[in-house]
Amino acid sequence: MYYRIYRSGFGVSQSYYMVAIASKDEIDSANKFKANEELQGEDRKEPFQKLMSTLSKYEEITGEMRPDLYYSSN
């Protein structure tokens, strides 16, 4: 599964990391997630639980691209 990680910068009240995962639609996303789980097997659970225990807040937000807002400097 491919993803991008963004870190908050100057001017925000709290620091955060955002992980962006792209897919064509909900079915594509579910298929990628399932294939990723199968690849990692049962060994994925312990590291993920350790990561989640260090977080003070966790949010999941679903969105979509807006091609009409695309910017090109050309």
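The values are calculated or read from the model by the stated rules, or taken from the named source; none is laboratory data. What you are looking at is a predicted structure, and each value in this text was computed from that prediction instead of being measured. In this analysis, Cβ positions are derived from the backbone assuming ideal geometry, glycine residues included, and neighbour counts consider all displayed protein chains.
Of the residues that sit in region 1-34 and are of a type in the set (A, V, I, L, M) and loosely packed, with under 10 Cβ neighbours inside 10 Å, which one is modelled with the lowest pLDDT? First the steps, then the outcome.
Our first condition is that a residue be of a type in the set (A, V, I, L, M); within region 1-34, this holds for 1, 5, 12, 18-22, 27, 30.
Filter again for loosely packed, with under 10 Cβ neighbours inside 10 Å, leaving 5, 12, 19, 27.
Numbers: I5: 92, V12: 82, V19: 89, I27: 94.
Filtering region 1-34 for residues that are of a type in the set (A, V, I, L, M) and loosely packed, with under 10 Cβ neighbours inside 10 Å, the one modelled with the lowest pLDDT comes out as V12.
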**Item:** Inter-residue pairs, beta-carbon under 7 Å, first in contact (Cβ under 8 Å) with a residue 24 or more places away in the chain and at positive phi and in region 35-62, second of a type outside the set (G, A, S) and in a helix (DSSP H, G or I), 6+ apart
**Value:** none
**Asked** Counting just the residues of region 35-74 that are of a type in the set (A, V, I, L, M) and under 25 Å from D25 (Cα atoms), which one comes out modelled with the lowest pLDDT?
**Response** M65
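Please determine, by comparing only the residues of region 50-69 that are part of a helix (DSSP H, G or I) and exposed (fewer than 10 other Cβ atoms within 10 Å of the Cβ), which one is nearest to the chain's Cα centre (by Cα).
M52
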**Complete:** S29 passes all but one of the listed conditions (1) part of a helix (DSSP H, G or I); (2) among the small types (G, A, S); (3) more than 15 Å from Y2 (Cα to Cα); the exception is number (3)
